[in-house]
Amino acid sequence: MRISPSILNCDFSDLRGELAKISNADWAHVDIMDNHFVPNLTMGVPIVESIVGVTPIPVDTHLMIEDPDRWAPAFAEAGAKSVTFHAEAAAAPLRLARELRAMGARAGLGLKPATPIEPYLDILDEFDMILIMTVEPGFGGQSFIESMMPKVARTREAVNKSGLDVWIQVDGGISRKTIEIAAEAGADTFVAGSAVYKSEDAYAEVEALRELAMRHTHSH
Ligand code: DX5
Ligand code: ZN
């Protein structure tokens, strides 16, 4: 069970301090938005490079951008240990995943809520992680879409059947209220933005979330 706090709602004037607050996190989730794939704009490669330079936590980049085929490798080059691009945006997802892996990064495939997992079940071995969005991507602080749980469960079933070690990440509206549902459905990697950064004690929130997830591990 891995907790990957999203820094989308942190204080960007003090990135170093905000990252230090989550020193117990397994990953640091960094949301890249281009104002085309999603109606919001965040940051690019230079800031990711700076983040990598100030935290020992591995950086989990989530690219909500058009044309990831062109842009994603630069994030691996910048030092992100995981690079997730969206299935809806990639022209050649297999070629891109292979390129990212050849650069030493984990390759993640992201799915918006209305995108099915089924077309990708035969090529799970090409990816290190499947990201199942539990909100429409674009903003932090939205509510968890519980109707995504069957997709998580079908992905879990396929991963277990394949014997592959593909991680299943959920992102959007994850909190103490929803993490157990997602863990029971089969997720093992949890992004939490506002739940962590809007809490009084980010470190304690990461601990609490991990503990809840571990208590509700998918078991069938
Ligand atoms: C949304 C981003 C998320 C976001 C999650 O498009 O991909 O990573 O920061 O924030 P919360 O946990 O507040 O939904
Ligand atoms: Zn994200």
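The values are calculated or read from the model by the stated rules, or taken from the named source; none is laboratory data. Note that the structure is a prediction, hence the values are computed from the model and not measured. Glycine gets a Cβ as well: all are built from the backbone with ideal geometry, and neighbour counts include every protein chain shown. These accessible areas exclude ligands, DNA and RNA; they are computed on the full protein's heavy atoms, side chains included. Shrake-Rupley method; radii C 1.70, N 1.55, O 1.52, S 1.80 Å.
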- Consider just the alpha-carbon atoms of the range 130-203 and return their Rg together with their Dmax, both in angstrom. 12.6, 41
- Provide the net charge surrounding ILE3, with neighbours chosen by a C-beta distance below 11 Å and charges set as Lys +1, Arg +1, Asp -1, Glu -1. -4
- Item | Estimated FRET transfer efficiency (ALA91, ARG176; beta-carbon r; R0 30 Å; 0.05) | 0.15
- Message: Using only DSSP helix segments of four residues or longer, with each worth -39500 (n - 2.57), what per-residue ellipticity at 222 nm results for the chain after dividing by its residue count and rounding to 500?
- Response: -10000 deg cm²/dmol
- Given the Cα atoms of the range 67-182, and with Rh set as the inverse mean 1/r over their pairs in the Kirkwood sense, what is Rg to Rh to two decimals? 0.96
- Task: Might you tell me the accessible area per residue for the chain, computed with a 1.4 Å probe and given in Å²?
- Result: 43 Å²
- Accessible area of the chain belonging to carbon and sulfur atoms, whole % at 1.4 Å probe: 51 percent
- Message: For the chain, take every pair of Cα atoms, bin their distances at 10 Å starting from 0, and report each bin as a whole percent.
- Response: 9, 37, 39, 14, 0
- Modelled label-to-label distance, ILE47 and SER13, 7 Å Cα→beta-carbon offset: nm? 1.5 nm
- Query: Near PHE85, within a Cβ-to-Cβ distance under 13 Å, what is the net charge of the other residues, with Lys and Arg +1 and Asp and Glu -1?
  - Reply: -4
- Query: Counting other Cβ atoms within 10 Å of each Cβ, which GluC sites (Glu not before Pro) in the range 155-220 have at most 12 and sit in a DSSP loop?
  - Reply: GLU200
- Message: Given bins 5 angstrom wide, list per bin the percent of all Cα-Cα distances in the range 5-59, short to long.
- Response: 4, 19, 32, 25, 12, 7, 1
- Task: Within the range 119-220, report the trypsin sites (Lys or Arg not before Pro) that DSSP leaves as loop and that have at most 16 other Cβ atoms within 10 Å.
- Result: ARG176, LYS177, LYS198
- Task: Using a cut-off of 13 Å between beta-carbons, work out the net charge of the residues near ARG98 (Lys and Arg +1, Asp and Glu -1, ARG98 not included).
- Result: -2
- Query: Within straight cross-link reach of LYS112, meaning Cα distance under 17 Å, which lysines are found once same-chain residues fewer than 8 apart are removed?
  - Reply: LYS151
